[in-house]
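A.B. asks: Quick one: the structure is below, and I'll ask about it shortly.
Where a number appears in this text, it was derived from the coordinates with a stated rule and is not lab data. What you see is a predicted model, and the numbers here were worked out from it, not measured in a lab. Positions of Cβ are generated from backbone atoms using ideal geometry, with glycine treated the same way; all protein chains shown enter the neighbour counts.
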Amino acid sequence: MKLRIEHLTQYKYEQKVKLNLHEVYMIPLQRFYFKVLQSEIEVSPTPSGWYERVNFENNPYYQTWFVDETNELEIRASFEIQLLDFNPFGFIIHPDAEYPFSKYSYPQHLEQAISIYKIPHGFSQLEQYALSVMENSGSMVEFLVNLVASVHANWNHVHRKDPGILPVMMTFDRREGSCRDLSFMLMSMLRELGLACRFVSGYAFNPELVDGHELHAWVEVFLPGASWIGLDPSLGLFTDNQYIPLAASYNPKYASPIIGTYGGNSKSHLHAEVDIKVF
């Protein structure tokens with residue numbers, strides 16, 4: 001299958017502003033289950049500087065800056081993607097991995113490298129919920145399958161245009177949230193058990209979702225032997241070859257497609273569109 005992705009982001013300012021340094025995370029991360037056949041990105045106003053860089057979590061991005069003041073910033077990105085065969089369960093967890101557990105323990109040689117992805121939020125309700133799912137799961141894979149399915153079954157997935165992510169316990173108590181909210185909550189549940197997780201943003205071709213053609217968010221959990229495993233609480237599934245990541249981070253704010261600020265007191269208005277078609 002081939003996908004054509006069109007992604008438009010517009011920031012409009014009520015008065016002219018001075019744009020500060022921006023980071024544009026619109027370079028699909030390298031994955032073995034898809035190939036980028038073609039990509040193009042256009043920016044208005046024309047940047048004074050535009051260079052490809054890689055951040056400390058190995059996410060590629062464009063570093064860009066501007067000289068003149070402007071009323072608008074527009075970024076258009078387009079991609080043609082070839083999807084390849086992919087089995088989400090095509091892995092074996094290292095045989096020494098413990099299960100069941102109350103706090104997961106990684107091999108010593110990995111512990112320091114992944115410590116940033118394990119920082120818990122300290123909510124006992126999240127821990128107890130995840131442990132209750134583990135009680136009825138016979139293996140690590142079954143636990144992950146059951147947990148992501150349980151979040152999908154017990155929390156409503158809603159389309160929320162407001163920027164940012166709700167506090168995790170607000171999502172937990174409301175029993176609903178956007179893909180960002182549910183992913184942040186699932187990540188928090190797993191971290192309470194000592195598992196290393198990261199927040200992922202990108203594109204997902206899920207026609208059954210109301211916002212399936214828009215920017216999507218999901219979670220990746222790290223397990224020895226299997227490496228990073230993708231989980232989508234919005235659908236209750238392991239991620240497959242129709243998920244195209246743009247950025248993955250220990251902190252959701254560093255996985256945003258565009259990171260930047262501007263000088264002045266003017267209000268800004270964001271408009272974003274993503275269209276994905278099979279061709």
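A.B. asks: Quick one: what Rg and Dmax do you get for the range 1-62 from the alpha carbons, in Å?
C.D. replies: 14.5, 45
A.B. asks: Quick one: grab Rg to one decimal and Dmax as a whole number for the chain, Cα atoms only, in Å.
C.D. replies: Cα-based Rg and Dmax for the chain come out at 19.5, 60 Å.
A.B. asks: Also, I was wondering about something else. Extension gain PHE89-SER124, at 0.36 nm per residue separation less the Cα-Cα distance, in nm? Don't skip to the answer; put the middle values down first.
C.D. replies: Working: separation 35, 0.36 × 35 = 12.60 nm, distance 2.99 nm.
Extra length available between PHE89 and SER124 comes to 9.6 nm.
A.B. asks: Also, I was wondering about something else. With the cut-off at 1.5 for a/c, could you classify the range 1-148 from its C-alpha gyration tensor as rounded, prolate or oblate? Before the final figure, lay out the partial values.
C.D. replies: Values: a/c = 2.55, a/b = 1.89, b/c = 1.35.
Prolate shape, in that a/c is at least 1.5 and a/b is the bigger ratio.
A.B. asks: Just need the Rg to Rh number for the range 108-240, please, alpha carbons only, Kirkwood Rh. Don't jump to the answer; show the numbers that get you there.
C.D. replies: Values: Rg = 14.1 Å, Rh = 14.9 Å.
Here the Rg-to-Rh quotient is 0.95.
A.B. asks: Between GLU14 and GLN112, 0.36 nm times their residue separation minus their Cα-Cα distance comes to what? Walk me through the numbers before you get to the answer.
C.D. replies: On the way: separation 98, 0.36 × 98 = 35.28 nm, distance 4.65 nm.
Going from the current span to full extension adds 30.6 nm.
A.B. asks: With only alpha-carbon atoms counted, please give the Rg and Dmax of the range 173-279, in Å.
C.D. replies: Cα only, the range 173-279: 15.2, 50 Å (Rg, Dmax).
A.B. asks: Could you please report the charge total around PRO60, scoring K, R as +1 and D, E as -1 over all other residues with beta-carbon less than 14 angstrom from its beta-carbon? Working shown, then result.
C.D. replies: Details: positive: ARG31, ARG53; negative: GLU23, GLU52, GLU57.
Result for the neighbourhood of PRO60: -1.
A.B. asks: Related question: Suppose a student asked you for the relative contact order of the chain, using Cα pairs under 8 Å spaced at least 6 residues apart; what percent would you report?
C.D. replies: Numbers: 587 pairs, mean separation 80.6, N = 279.
The normalised contact order for the chain reaches 29 percent.
A.B. asks: Rounded to the nearest 500, what is the 222 nm mean residue ellipticity of the chain from helices alone, with -39500 (n - 2.57) per DSSP H run of 4+ residues and division by all residues?
C.D. replies: On the way: 5 runs with 54 residues, N = 279.
About -6000 deg cm²/dmol.
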